[in-house]
Amino acid sequence: MDVVLSFLGQALCAVIVLVLLFALWTILRYSIISPWITRGSLAALGRPDREGTERLVGFPLPIEAGDFYRSAPFLQRFEFVLIAPSGQRWEIGGFYPLTPRHVRENRKVHGTRNVPIASVQGKGVYVLLPDGAVAHQPLGSSSQLTMVCRSLRELAQFNIGGGA
């Protein structure tokens, strides 16, 4: 009986150590490694790499994506609200650059197969879909999408509201 209890105790300790190592890896991955990989994101916002991103994601991006990233008036802002013509309010934490390095990392972080274009302050991500539409994907769900607008051109026409 003592041998069984000793084995169960050792197994429990091994499981606890593995869980703690996984937690440590998760903390390091998303608080140190991910920001290091996406360093320089503010400088990269105005220099989209549409072709490189297309090769990464495997579908063509709308031609307007480059224009949106070069001229949208709110790309450099943080923690604000975009208001659609319908009156719907969309909280924005900040926009992500359209470069392969940033798209690859943000796809891993948010668990999406689409192109992440903006954060929602811990509540999800805005993604560019293969048909050019923009949708909101809540945190932890890769399949639940809420349509925001039909195109980046339409998104650029949204009004800027107050803080989120």
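The values are calculated or read from the model by the stated rules, or taken from the named source; none is laboratory data. The shown structure was predicted, so the numbers you read here are calculated from the model rather than taken from an experiment. Cβ coordinates were reconstructed from backbone atoms using ideal geometry, including for glycine residues, and neighbour counts include every protein chain displayed. Note: areas computed on protein heavy atoms with side chains; ligands, DNA, RNA excluded. Shrake-Rupley method; radii C 1.70, N 1.55, O 1.52, S 1.80 Å.
A few comments on the model shown:
- Each residue of the chain gets 141 Å³ once the volume of the Cα convex hull is shared out per residue.
- Of the DSSP H helices in the chain, those whose Cα atoms cover at least 27 Å axially and whose Kyte score averages -1.0 or more: 2-28
- Percentage relative contact order, the chain, counting C-alpha pairs under 8 Å, at least six apart: 20 percent
- Residues of the chain: accessible area per residue with a 1.4 Å probe, Å²: 58 Å²
- Shown for region 49-164: the carbon plus sulfur share of the solvent-accessible area, taken with all protein chains present and a 1.4 angstrom probe, equals 48%.
- For the chain, a crude dipole built from +1 on the beta carbon of Lys and Arg and -1 on the beta carbon of Asp and Glu, taken about the Cα centre, is about 240 debye to the nearest 20.
- Modelled spin labels at LEU139 and ASP67, positioned 7 Å past Cα toward Cβ, are 3.6 nm from each other.
- Using 0.36 nm per residue and subtracting the Cα-Cα separation, the extra length available between PHE80 and LEU56 on full extension is 5.7 nm.
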